[in-house]
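Take a look at the structure set out below.
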Amino acid sequence: MARENLLFYEVDWFSVEKNVKSELKHDIDRYDGNKLLNTSVDDLCVYFEEKYRVDVPVLDRENTQTDQRETKIDVSGRFEYAPRGSGANYIQGTTVEIIIPFTGDPNIFKIQPTSFSLNPPRANVRKESLVLEFSDVKFDEEKLKLDIDLQIDSIEGYLKNLRSNADTLNGSLKEIAREAIEFRREKLLTNQNLVSSLGFALKKRPDSSKTYSAPNVRRKIKPQPKPPQANTAAYKPEPALLEKDYEHILEVLQNMAHVMERSPSAFTDMDEESLRTHFLVQLNGHYEGNATGETFNYEGKTDILVRVDGKNIFIGECKFWGGPKKLLETIDQLLGYSSWRDTKVAVVIFNRNKDFSKILESIQSTVPEHTNCKRVLEPISETVFQYKFSHRDDANRELTLTVLAFDVPSV
């Protein structure tokens, strides 16, 4: 029997895995440099993950169809049909086709998983279906049903093994992409800073793209992921609050909140504005009077605004806990206050209710539901949570949002 209809035979999984990782990194190395710098790292990671993930087919056994046709059967050596001296080699017979629809990449049927047998199943692979063929002069109905089930079960077993291999690879693609993207971004910025430091005008490249065009993508059955939108204009680094300064501001806020938690009687009758004032006093002790409250910023007033050298480096909102809906509204309010330069923001939540642990659970389940939340970061502590958000008006502008929750019980 010919080898062309052997499934899971042409290439081994280890070669596929190595090639996918190599092509992903090579694709990132070829990606337009300015697009890479102007686009959110998280969005790029999602794009490359979707582009290179291995989608193992899923058989739709419930919608299996059958067909039959007449065919010539080689009966050489089958003495009941070709007695010695008869000269008969082929006689009229029947071929039964079992047509099984599937979803996924048809090329996966060529891959040998890490666990396999020496007798792989056979079938013809069409665009969206597998076709199993069984031919004979005369069929035993029960034996034919058994052969069909055994063949389909064998294919399902191979797909299950491939799915296990693919799950491990697919789960690593985002981090592989992130490492390659950040490495190239750092290299591009280093080169850009080097050229800029020379003091000469930059030469315009005649081959540089002026408009966006989609890169070539491997052909698959599923719709192809679209690259994140970004212009090709020269990347310009923008002022941002250093991570260590952001951490210091958060630490000042936490220290003040701990004072409130330890001495609730001093704060029991204070409203949001009065509580906010205590935070501002502490921040101004560190930032020389640059922390203000109820200051206009972008589209409204924000509770806490820290400015250094005329630039907004931090904005925050202080609220009493009022449930998940109010938390999402507060985040919307904060995003409305944030211009593209405000890359690090915070929501400070005061709790005067019982069951603080339940409120912490509610915060962690509510914030990721916001439409602008892109990624959940590692929490700073049991009551301080961090997230990566996209700017409301520009998906490629990212904000680090920290939610600080403090229990200020009533006396």
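The values are calculated or read from the model by the stated rules, or taken from the named source; none is laboratory data. Predicted, not measured: the structure shown is a model, and the values here were computed from it. In this analysis, Cβ positions are derived from the backbone assuming ideal geometry, glycine residues included, and neighbour counts consider all displayed protein chains.
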Check your understanding: Within region 348-411, which strands (runs of 3 or more DSSP E) (wholly inside it) include 1 or more residues that are free of Cβ contacts under 8 Å to residues at least 40 places away in the same chain and among the β-branched types (Val, Ile, Thr)?
Key -> 373-376
Review point. Is it true that Glu70 is more than 26 Å from Asn161 (Cα to Cα) and either in contact (Cβ under 8 Å) with a residue 60 or more places away in the chain or surrounded by fewer than 17 Cβ atoms within 10 Å (Cβ to Cβ) (or both)?
Key: yes
Exercise for review: Kindly check whether there is at least one residue in region 71-83 that is closer than 30 Å to Pro121 by Cα, at pLDDT 90 or above and out of contact with any helix residue (DSSP H, G or I) (no Cβ under 8 Å at 6 or more places or on another chain).
Suggested key: no
Check your understanding: Restricting attention to region 301-328, and to residues there that are outside any strand (DSSP E or B) and crowded, with 19+ Cβ neighbours inside 10 Å, which single residue is modelled with the lowest pLDDT?
Key -> Asp303
Exercise for review: Hey, can you tell me all the residues within region 130-175 that are farther than 23 Å from Val96 by Cβ and of a type in the set (Gly, Ala, Ser)?
Suggested key: Ser164, Ala166, Gly171, Ser172
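Residues are listed down the side, and each one gets a yes or a no for (1) in contact (Cβ under 8 Å) with a residue 60 or more places away in the chain; (2) not assigned by TED's automatic domain parsing to the domain that holds Ser117:
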position	(1), (2)
Phe139	no, no
Lys143	no, no
Leu146	no, no
Leu150	no, no
Asp153	no, no
Glu156	yes, no
Asn161	no, no
Ser164	no, no
Arg178	yes, yes
Review point. How many of the residues in region 386-411 are under 18 Å from Gln333 (Cβ atoms) and of a type in the set (A, V, I, L, M, F, W, C)?
Key: 6
